[in-house]
Amino acid sequence: MARAGAAVDVDRLSFFYAHNGNRVEALREVSFSLASGSISAVIGPSGCGKSTLLYILAGLLPPSGGKVLINGERPLPGRRATSLILQDYGLLPWKTVWDNVVLGLVVRRLPPGEIRATGERVLQEMGLGELRKRYPAELSGGQRQRVAIARALATKPDLLLMDEPFSSLDALTREALQDTLQKILQAGGLTVLLVTHNIEEAAYLGRRVIVFTPHPGCVYKIFENPRACSPGYRKTAEFFRLCTELRGALELGRGAGEPG
Amino acid sequence: MAQSKGRNKILSRLIFKLAPILVLFLSWQLLAVLLNSAALPTPGRAFLTFFQEIPAGLWKHFLVSSWRVLASIFISLLGGVALGLWLGAEERFDRFFAPLIYLTYPVPKIVFLPVVMVFLGLGDLSKIFLITLVVFFQDLVTTRDAARNVSQAMILSVVSLGAGKLDIYRHVIWPAIIPDVFTALRIGSGTAIAVLFFAESFASSEGLGYYLMDAWSRNAYQEMFAGIMAMGLLGYLLYVGLDMLDKKICPWKGL
């Protein structure tokens, strides 16, 4: 039976951290939900707590208030079915493409045969077969991102969290990888949440686009975007309209987020 | 055509490598001729003595010193790197030990040579202990600082894959600090040879330090320079060995 993607519920989530002896509020009363198998985007200005939100969803940071449920359970550090791709890809420079891709399987102590089979499958799917012996420093930005996605998918997650995944790539590579991500989603079994400050990226990929206010980050508005990821969507009037609305929401949200 | 191009490349690389050594020996030759003193023999004479002294006993002193330096480097590497790795990755323990390290690190450990000799005798043990003590702190501080600077984002990305604490040490922290460990080893090798000379020049009957001091006391300057050349050779072999290991263990460096 095919596995379903994770259902995510975030309810009045808050997060505080200490900085130079002060208590800083990073997230305030953030609430949204992600349907199983969907792709959603969180968009907001830099420093609005987008990455913090991903770390909490990945179980790497405990929330200060509110709750997060993934398939009805609180996320724990290293939740086996959650994969996180960081902004700079998080690849280890001393490991080859192959060793980076299978790292999640190695640390989970899977049998060598299974590691080999899964690694080969994911490498072929992501078109990385010929790069297996290369080090990250020998790859282009797009190739590195492919390796990061391959590493994330190798552990067969039901929730994929991506932090500014395509921010450092040129426009064409970015669009090619967005299409790759869309194909992965079509295969099913995966819920994706990506955070970005790129309006076009959020509008193209996010079935649900959640706009954050800056300092502290809270949900300003949620846009439903049923045509997300559909072929040719980037060139439609609807896409440009959504981009304009998102830009407007970001500007209004910026005003709403600033302390009175 | 291609063959001769390749040969030219090898030749130019060889010239590039040998040129600094040639400059050193030419300067030495010039200085020796200008000063015209028995205290500074020409490189030719020093080399001749060096090759005459090797079979006459210099080889034995060379081996004894090599053993002492290598043993010290190995022990200080094990202790310094293990402790540095732990302190760099565990902040609360580092806070506890840091004052102790800062208090003891700057103290010149060679002043303890008489005390060390009283407790560990005049043989290998006291010399190895003293060199280890000096190099240990260099390895410790370098490793600890390197482990402290490992990217937290990188650690988090591996934790998110399901890695435990030992996995983090094995797959992230340890490989991240290896280049710094090699730097510490290179610096430590030079320090180890300097301390070796000091440790072997007191109450010793073997080792390059003893050989040098003995030649010095007899005003046998050519032998003294042969000893200096043996020390230089020891340092050179250590550096070449470390470079080879570095390239083998860290192939990703410099990509």
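Only the coordinates and a few stated rules stand behind these numbers; no lab work does. Being a predicted model, the structure only gives us computed values, none of them experimental. Neighbour counts run over all protein chains shown; Cβ positions are idealised from the backbone, glycine included.
Could you grab me the full set of residues in segment A:37-80 that are closer than 26 Å to residue A:204 by Cβ and of a type in the set (A, V, I, L, M, F, W, C)?
Step one: list which residues in segment A:37-80 are closer than 26 Å to residue A:204 by Cβ, which gives A:37-58, A:70.
Passing the criteria: A:39, A:41, A:42, A:43, A:48, A:53, A:54, A:56, A:57, A:58, A:70.
Kindly indicate which of B:62, B:47 is touching a residue at least 60 places away in the same chain (Cβ under 8 Å) and either under 15 Å from residue B:221 (Cα atoms) or part of a loop (DSSP other than H, G, I, E, B) (or both).
Values: B:62 fails: either under 15 Å from residue B:221 (Cα atoms) or part of a loop (DSSP other than H, G, I, E, B) (or both).
Sole residue among the options that is touching a residue at least 60 places away in the same chain (Cβ under 8 Å) and either under 15 Å from residue B:221 (Cα atoms) or part of a loop (DSSP other than H, G, I, E, B) (or both): B:47.
Here are some residues: A:249, A:202. Which one is touching a Ser or Thr at 6+ places or on another chain (Cβ under 8 Å) and assigned to a helix (DSSP H, G or I)?
Numbers: A:249 fails: touching a Ser or Thr at 6+ places or on another chain (Cβ under 8 Å).
Of the residues listed, the single one that is touching a Ser or Thr at 6+ places or on another chain (Cβ under 8 Å) and assigned to a helix (DSSP H, G or I) is A:202.
Note down all Cβ pairs under 8 Å where the first residue falls in segment A:17-28 and is β-branched (Val, Ile, Thr), the second is in a strand (DSSP E or B), and they're at least six residues apart or on different chains.
Close Cβ pairs satisfying both conditions: A:24/A:16; A:24/A:17; A:24/A:18.
Is there a residue in segment B:115-122 that is surrounded by 16 or more Cβ atoms within 10 Å (Cβ to Cβ), assigned to a helix (DSSP H, G or I) and touching a residue at least 12 places away in the same chain (Cβ under 8 Å)?
Of the residues in segment B:115-122, the ones surrounded by 16 or more Cβ atoms within 10 Å (Cβ to Cβ) are B:116-117.
Remaining after also requiring assigned to a helix (DSSP H, G or I): B:116-117.
If we keep only those that are touching a residue at least 12 places away in the same chain (Cβ under 8 Å) as well, we get B:116-117.
Yes, the conditions are met somewhere in segment B:115-122.
Rundown of residues vs (1) over 16 Å from the mean Cα position of the chain (by Cα); (2) of a type outside the set (S, T, N, Q); (3) surrounded by 20 or more Cβ atoms within 10 Å (Cβ to Cβ), yes/no style:
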| site | (1), (2), (3) |
| --- | --- |
| B:171 | yes, yes, yes |
| B:182 | no, yes, no |
| B:188 | no, yes, yes |
| B:195 | no, yes, yes |
| B:200 | yes, yes, yes |
| B:206 | yes, yes, no |
| B:219 | yes, no, no |
| B:227 | yes, yes, yes |
| B:239 | no, yes, no |
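Going by the conditions given, is residue A:4 in a strand (DSSP E or B) and under 20 Å from residue A:186 (Cα atoms)? Don't jump to the end; show me each part of the working.
Values: in a strand (DSSP E or B): no; under 20 Å from residue A:186 (Cα atoms): yes.
In short, no.
Would you confirm whether any residue within segment A:102-115 is surrounded by fewer than 18 Cβ atoms within 10 Å (Cβ to Cβ), within 12 Å of chain B (Cβ to nearest Cβ), on the phi > 0 side of the Ramachandran plot and free of Cβ contacts under 8 Å to residues at least 12 places away in the same chain?
yes
Among B:245, B:255, which is the only one that is surrounded by fewer than 16 Cβ atoms within 10 Å (Cβ to Cβ) and within 9 Å of chain A (Cβ to nearest Cβ)? Show your work before the answer.
Numbers: B:245 fails: within 9 Å of chain A (Cβ to nearest Cβ).
Exactly one residue qualifies, and that residue is B:255.
Kindly list the number of the only condition in (1) under 14 Å from the mean Cα position of the chain (by Cα); (2) within 14 Å of another protein chain (Cβ to nearest Cβ) that fails for residue B:161.
It is condition (1) that residue B:161 fails.
Please go through (1) within 14 Å of another protein chain (Cβ to nearest Cβ); (2) under 30 Å from residue B:112 (Cα atoms) for residue B:194 and return the number of the only condition it doesn't satisfy.
For residue B:194, the failing item is (1).
If you take the residues of segment A:72-92 that are among the aliphatic types (A, V, I, L, M) and free of Cβ contacts under 8 Å to residues at least 60 places away in the same chain, which of them is farthest from the other protein chains (Cβ to nearest Cβ)?
Of the residues in segment A:72-92, the ones among the aliphatic types (A, V, I, L, M) are A:76, A:81, A:84-86, A:91-92.
Now restrict to residues that are free of Cβ contacts under 8 Å to residues at least 60 places away in the same chain: A:76, A:92.
Details: A:76: 10, A:92: 7 Å.
Top of the filtered list is A:76.
Step by step: first the residues of segment B:141-157, then only those that are more than 7 Å from chain A (Cβ to nearest Cβ) and buried (at least 20 other Cβ atoms within 10 Å of the Cβ), then the one that is farthest from residue B:187 (Cα to Cα). Which residue is that?
Within segment B:141-157, the first condition is being more than 7 Å from chain A (Cβ to nearest Cβ), and the residues that meet it are B:141-152, B:155.
Then drop every residue that is not buried (at least 20 other Cβ atoms within 10 Å of the Cβ), which leaves B:142-144, B:146-147.
Values: B:142: 10, B:143: 13, B:144: 16, B:146: 15, B:147: 18 Å.
Checked segment B:141-157; the qualifying residue farthest from residue B:187 (Cα to Cα) is B:147.
Return yes when residue A:45 is in contact (Cβ under 8 Å) with a residue 24 or more places away in the chain, of a type outside the set (Asp, Glu) and within 18 Å of residue A:249 (Cα to Cα) and no when it is not.
Values: in contact (Cβ under 8 Å) with a residue 24 or more places away in the chain: yes; of a type outside the set (Asp, Glu): yes; within 18 Å of residue A:249 (Cα to Cα): yes.
Criteria met by residue A:45.
Among A:133, A:95, which is touching a residue at least 24 places away in the same chain (Cβ under 8 Å), over 24 Å from the mean Cα position of the chain (by Cα) and within 18 Å of residue B:250 (Cα to Cα)? Talk me through it step by step, then tell me what you get.
On the way: A:95 fails: over 24 Å from the mean Cα position of the chain (by Cα).
Result of the check over A:133, A:95: A:133.
Give me a count of the residues in segment A:49-71 that are more than 8 Å from chain B (Cβ to nearest Cβ) and either in contact (Cβ under 8 Å) with a residue 60 or more places away in the chain or of a type in the set (S, T, N, Q) (or both).
The number of residues fulfilling the criteria is 12.
Can you name the number of the only condition in (1) in a helix (DSSP H, G or I); (2) of a type outside the set (D, E, K, R); (3) surrounded by 13 or more Cβ atoms within 10 Å (Cβ to Cβ); (4) within 14 Å of chain A (Cβ to nearest Cβ) that residue B:166 fails?
The failed condition is (3).
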